[in-house]
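First up is the structure itself, then whatever we jot down about it.
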Amino acid sequence: MTKRIVVTGIGATSALGGTAPENWANLLAGVSGTHTLKHDWVEEHQLPVTFAAEASVRPEEVLPRHEAKRLDPSVQFGMIAAREAWEDAGAPDVPAERLGIDWATGIGGLWTLLDAWDTLREKGPRRVMPLTVPMLMPNAGAGNLSLHFGAKAFARTVVSACASSTESIANAYEHLQDGLADVVIAGGAESAIHPITMAAFASAQALSRRNDDPEHASRPGAIDRDGFVMGEGGAALVLETLEHAQARGAKIYAELVGGGVSADAYHITANDPSGAGATRAVQEALAQAGAAPDEVTHINAHATSTPVGDPNEYEALKNVFGSRIDDIPVSATKASTGHLLGGTGALEAVFTILALRDRVAPPTINMTEPDPAVPFKLSGEPQPLGDGPQLAISNSFGFGGHNAVVAFRSYDG
């Protein structure tokens, strides 16, 4: 028997704000979270890209100092988002054995790893922190959330590049369907605005180089786009069965009705230009939702603002929706938030849920001249979604050929 899975709590921290409501308000207002970096290491390493979308509220402003010292920044962001989501959900009273964690990151404890390497070289092995490995491991987020919330059903980690946290949400849907838990905290976080990643992505010609105009650098769907903008932060959802949510009188944002995951097996960084893998992921999400393509009323696109990626995503969606893809309101929210890598899917899931709640597709800023090869229905202003039932999907695609899509339906009781 298929269970109904609902969203009862959301949390987010990114370049647009330190909470989900702040992120949503600034997204709707067309705020850009991208700015010139003010770190000494930008000039020290003569980085070719000097800007990014850093989180607007630093973890040390939120977390107690003793706690922050034991967590990599990527885990700090995740802890902040998950705590917000948990409180937003009313801190569900659920047995530890019925609470699970489905978490994600794309890179994990990068800052911890490289700081420890510097310490080893400069000060020797005795000065390397004993907590280095527990802090740098990719499953540190899931493990620490499990400890904090006392979640004993499971604490699982997805590491699939930029598809990671969307895949974690898709996994949570299946784990709840399979009866492995009654409540799951799902999402992901990333903190990779670091000289090594900035240099590496720039070397790969993946980053925008608009150093003179960073606020307008990320421009998905525009003909003059030249790469993505690094972002950071985290986002979390509290998911539970409808039965469990109703029994405790929880508020409900939306229903999570399906998830789709696939692999391209095409190239380690480039996605398949035919869009076949991404197409399958969308189709699987809709199949789990028991929905036809014609029911989809909104899409939060992966849309990173790269010259190749945006048109490939358009072709993949055209495979599913046909010519109707040109009429579905689409949002490309990385234009505002930057690209959070493994945390981006969870943040965009939050935006998709709020779009359904408020019946409005958030704007895509920095749209100058649209690229004819990417004729999505993007707008610099919020697009109304209208009355009646709403069904939305959120897409994420990552290095390694990972594709993940989740589908949400508006909840009307």
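Among the residues of region 323-333, are any among the hydroxyl-bearing types (Ser, Thr, Tyr) and surrounded by fewer than 24 Cβ atoms within 10 Å (Cβ to Cβ)? Looking for residues that are among the hydroxyl-bearing types (Ser, Thr, Tyr) and surrounded by fewer than 24 Cβ atoms within 10 Å (Cβ to Cβ), one finds at least one in region 323-333, hence yes. In region 255-285, of all residues being part of a strand (DSSP E or B) and open to solvent by 40 Å² or more (accessible area, probe 1.4 Å), the one that is farthest from Pro307 (Cα to Cα) corresponds to Val261. Restricting attention to region 24-65 and to residues that are free of Cβ contacts under 8 Å to residues at least 12 places away in the same chain and among the small types (Gly, Ala, Ser), the residue that is most open to solvent (accessible area, probe 1.4 Å) turns out to be Ala29.
For first residues located in region 109-122 and closer than 17 Å to Met137 by Cβ and of a type in the set (Val, Ile, Thr), partners that are assigned to a helix (DSSP H, G or I) and open to solvent by less than 80 Å² (accessible area, probe 1.4 Å) and lie 6+ apart or on another chain with Cβ distances below 8 Å form the pairs Thr112/Thr132; Thr112/Met135; Thr112/Leu136. The helices (runs of 4 or more DSSP H) located wholly in region 1-89 that include 2 or more residues which are of a type in the set (A, V, I, L, M, F, W, C) and either within 27 Å of Gly259 (Cα to Cα) or over 18 Å from the mean Cα position of the chain (by Cα) (or both) occupy 20-28, 40-44, 73-88. Return yes when Ile169 is open to solvent by 30 Å² or more (accessible area, probe 1.4 Å), in contact (Cβ under 8 Å) with a residue 24 or more places away in the chain and either touching a Pro at 6+ places or on another chain (Cβ under 7 Å) or in a helix (DSSP H, G or I) (or both) and no when it is not. Answer is no for this residue. Among the candidates Val184, Val133, the residue that is of a type in the set (A, V, I, L, M, F, W, C), more than 18 Å from Ala235 (Cα to Cα) and either surrounded by fewer than 24 Cβ atoms within 10 Å (Cβ to Cβ) or within 21 Å of the chain's Cα centre (by Cα) (or both) is uniquely Val133.
Can you find a residue that is among the β-branched types (Val, Ile, Thr) and free of Cβ contacts under 8 Å to residues at least 60 places away in the same chain anywhere in region 355-372? No - not one qualifying residue is present in region 355-372.
The values are calculated or read from the model by the stated rules, or taken from the named source; none is laboratory data. Because the structure is predicted, anything quoted here is derived from the model rather than measured. Counting neighbours? That spans all protein chains shown, and the Cβs are built from the backbone with ideal geometry, glycine included. Protein only, heavy atoms only, side chains kept; ligands, DNA and RNA dropped before computing areas. Shrake-Rupley method; radii C 1.70, N 1.55, O 1.52, S 1.80 Å.
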